[in-house]
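Here is the structure we will look at, set down as structure tokens.
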Amino acid sequence: MKFKKIKEIQKVKAFDPKTEVYSVYEPTKGIFFNEVFIPLENVPLDIIAIDQKIFTVDGARCLKTWEEGILTETIEKADLLSPSNDKWVWKYYLDKKDYKNYFNILDLEINQLIFKEYIPYKLYAEKKYHYSV
């Protein structure tokens, strides 16, 4: 990786060392692809490169897929299932009847949910982080 001289100090939020893509939140909000700035309303908090695709996730849980600096897909309330799998994503839902969070897995190739019913988010959190509430 090479260091680049920039005109002004920028506050970086996320950085991918393989691709050198990074997001900034000051002086403006956006993402840099090969020194090309793309302004964004919500700054990516995470940047993950898988093959030729770059995935970003912002604070509003919006998953965006980029190819060569071009936004190709946006999925609301989602996150990557794994840093090595670009086929499936977590999809989050809020049940307005009981105000509980649920999730399912979305297969991006066929654009369908994997589980027949939604799984409570609490169950996932307990299994992943090994704690109980």
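N34 falls short on exactly one of the conditions (1) at positive phi; (2) among the polar types (S, T, N, Q); (3) surrounded by 13 or more Cβ atoms within 10 Å (Cβ to Cβ), and that condition is (3).
Once the range 63-77 is narrowed to residues that are surrounded by fewer than 20 Cβ atoms within 10 Å (Cβ to Cβ) and of a type in the set (A, V, I, L, M, F, W, C), the residue that is nearest to L40 (Cα to Cα) is L71. Of the residues F55, F37, the single one that is touching a Gly at 6+ places or on another chain (Cβ under 8 Å) and modelled with pLDDT of 90 or more is F37.
Report, by residue number, each residue of the range 30-57 that is of a type in the set (D, E) and in a loop (DSSP other than H, G, I, E, B). Write out each step before concluding.
Our first condition is that a residue be of a type in the set (D, E); within the range 30-57, this holds for 35, 41, 46, 51.
E35, E41, D51 - these are the residues of the range 30-57 that are of a type in the set (D, E) and in a loop (DSSP other than H, G, I, E, B).
Of all the numbered requirements in (1) more than 27 Å from Y102 (Cβ to Cβ); (2) at pLDDT 85 or above, K4 misses one, and that requirement is (2).
Checked against (1) at pLDDT below 85; (2) within 22 Å of P44 (Cα to Cα), K122 meets all criteria but (2). The lone criterion from (1) assigned to a strand (DSSP E or B); (2) surrounded by fewer than 14 Cβ atoms within 10 Å (Cβ to Cβ); (3) not charged (D, E, K, R) left unmet by A60 is number (1). Taken over the range 16-29, the residue count meeting the criterion of being part of a strand (DSSP E or B) and buried (at least 16 other Cβ atoms within 10 Å of the Cβ) is 6.
Just one of (1) at pLDDT below 85; (2) loosely packed, with under 11 Cβ neighbours inside 10 Å fails for F103. It is (2). Condition check for K13 on (1) in a strand (DSSP E or B); (2) open to solvent by 90 Å² or more (accessible area, probe 1.4 Å); (3) at pLDDT below 85: one failure, at (3).
The values are calculated or read from the model by the stated rules, or taken from the named source; none is laboratory data. Owing to the predicted nature of the structure, the values given are computational and were not obtained by experimental measurement. Because the Cβ atoms are built from the backbone with ideal geometry, glycine has one as well, and the counts that use them run over all protein chains shown. The area values use the complete protein model at the heavy-atom level, side chains included, leaving out ligands, DNA and RNA. Shrake-Rupley method; radii C 1.70, N 1.55, O 1.52, S 1.80 Å.
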